[in-house]
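Student: Here's a structure for you.
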Amino acid sequence: MTQQVDVASVALPVAVATPLAYALVDRIAAEHSVRVLAIKGPLLEKMGLRSQKISSDADILVEPSRMSEFCTILASYGWKDRDVRFAPSILDPHSRTLIHEEWPSDIDVHSYFPGFFGKAGEVFDLLWETRTQGELANVPVLTASRVANGVIALLHVLRNSSTAEDDAQYAELIAGLKQDMDPVQLQSLGRLADVGRIRRVLEKELRELGVDGPFDDLTAGELARWEINRTSAQATTGGWLYAIRMAEWRSKIRLFVRAVYPSNEELRKDPGMAEADRFGLIRSRVKRLARGIRTLPSASASLFKIRGD
Amino acid sequence: MDKWYRPSGIAFELCEEAVYVLDLRDLQGDLRPRALQGPAAAIWLTLGTVDSPCPELDLVKSVAEEYGMELHEIEGPALDFLRDLESAGLAERMHA
């Protein structure tokens, strides 16, 4: 009976690799005494907040002050940063995608989740305080509470322009959260809304789940940044404009050139562009420019609303 | 009769006919998932837990039934495989 083989000779399916990656990260975090919570993905299914779907990455939330340290720890186990083209975001940098040459799944390490406007450390502390134990790959893993996982998934669905799949997931999330919304859960949700400063961003959803107002917890600038990011057509252009605006004078020109004319090396980091020839690179530049010009007026108008951030 | 069980601290996932096993007890060891296929996967899944270990004979019978084989056909290879798993640290036994 020689059926025991290693991953080098049998491709590891993504459906298997992702829960195993969650389990691995949980174990590494415990070994190094770093506070880490598994979020999203298959945990949503286990919590009855999503129907079954294969996740291609393991999303984890790490205590913000140890984000860099934990990525270094994971690197010592072979998990290295994915080389992606630099694209500034209108929301603060929040995650790093790690890949391993022998694993088909990524690990997305988050220090906070976009949509939370509360202080990252305070938000994490609350999520940690209210954590629970889930099970993935038949071993226990630490995860955010059901309510917190639901909120994070809602923010994820809402943070970009919605697709039909997002709409379906949104409906599942709301239905799942409503199902278990007893007074204790409602209190937890209200506390998370306060500490996380998500009242304005999730006003409609919080009202629907029974949370009372007020809902005006964002500045006009913060709200504008969220809205620009939500409109994916504007998000890239808005991100560059925002980065140029926030940069020091000497960096502004360099950023502008990088936005308008990225190097060939940068362009080749885009999905499917690694082997692009000269004409492929030209086509990509023209498409980028056209998209930038098309979205420039609306992105500029939205950006104008961001003052004093 | 000996009883067998899966040690705790080993993550595993079932996918189609295979079980993918990742030993998380030694982070300095080999952290590549290993695939157990066919009867090997069936044996792994039948092992039981430390609280509810599986008697050796039940284990062999269960796999023989699942694969429509005679007990004598599978008993030798199955017991050899159990010992392989034991030396790899992926199965433990309670001696009778």
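Student: Enumerate the amide H contacts of residue A:118 below 5 Å, restricted to partners 5 or more residues apart or on another chain; note that Pro and chain-start residues carry no placed amide H.
Tutor: Residues meeting the criterion, in which the H sits 1.01 Å from N, are A:197.
Student: Using the crude model of +1 on Lys and Arg Cβ and -1 on Asp and Glu Cβ, and no other charge, please compute the dipole size for chain A relative to its Cα centre, in debye to 20.
Tutor: On the way: 40 positive and 41 negative charges, 308 e Å.
Dipole about the Cα centre, nearest 20: 1480 debye.
Student: Tally Lys/Arg at +1 and Asp/Glu at -1 over every other residue whose Cβ is under 12 Å from the Cβ of residue B:7; what's the total?
Tutor: On the way: positive: B:6, B:25, B:93; negative: B:23, B:26, B:86, B:92.
That sum, taken over residues with Cβ under 12 Å, equals -1.
Student: While we're here: At 10 °C and a viscosity of 1.306 mPa s, what translational diffusion coefficient does Stokes-Einstein give for the protein assembly as shown, taking Rh as the Kirkwood radius over Cα pairs? Give it in µm²/s as a whole number.
Tutor: On the way: Rh = 24.0 Å.
Roughly 66 µm²/s, to the nearest whole number.
Student: Run the helix sum for chain A: -39,500 (n - 2.57) per DSSP H stretch of 4+ residues, divided by residue count, reported at 222 nm to the nearest 500 deg cm²/dmol.
Tutor: Rounded to the nearest 500, the figure is -16500 deg cm²/dmol.
Student: Can you tell which of A:295, A:98, A:130 lies farthest toward the positive end of the dipole of the protein assembly as shown, using +1 and -1 charges on the Cβ of basic and acidic side chains (Lys, Arg; Asp, Glu)?
Tutor: Toward the positive end, the furthest listed residue is A:295.
Student: In the neighborhood of residue A:61, defined by Cβ-to-Cβ distances under 14 Å, what is the net charge if each Lys or Arg adds +1 and each Asp or Glu adds -1?
Tutor: Details: positive: A:35, A:40, A:66, A:96, A:131; negative: A:26, A:57, A:59, A:63, A:108, A:122, A:125, A:129.
Around residue A:61, the surrounding residues sum to -3.
Student: Pull up all non-local amide H partners of residue B:15: gap of 5 or more, or a different chain, and H-to-H distance under 5 Å with H placed in the peptide plane.
Tutor: Those lying under 5 Å, H to H, from residue B:15 are B:20.
Student: Under a 5 Å amide H to amide H cut-off, with H placed in plane at 1.01 Å, what residues pair with residue A:138 once short-range neighbours are removed?
Tutor: Distant-sequence amide H within range of residue A:138: B:12.
Student: Over segment A:14-209, what is the percentage of antiparallel beta bridges among all DSSP beta bridges, to the nearest 5? If you can, show how the numbers build up before the last one.
Tutor: Values: 15 of 21 bridges.
Percentage antiparallel, nearest 5: 70.
Student: For every other residue with a beta carbon closer than 9 angstrom to the beta carbon of residue B:24, add +1 if it is Lys or Arg and -1 if Asp or Glu, then tell me the sum.
Tutor: On the way: positive: A:27, B:25; negative: A:26, B:23, B:26.
It works out to a net charge of -1.
Student: Report, please, the projected area of segment B:3-93 averaged over directions, based on the convex hull of its C-alpha atoms, in nm².
Tutor: Values: hull surface 22.0 nm².
For segment B:3-93, averaging the hull's shadow over all directions gives 5.5 nm².
Laboratory data are not the source of any read-out in this text; all were calculated from the coordinates shown. All figures in this text were calculated on a predicted structure; none of them were measured in a lab. Because the Cβ atoms are built from the backbone with ideal geometry, glycine has one as well, and the counts that use them run over all protein chains shown.
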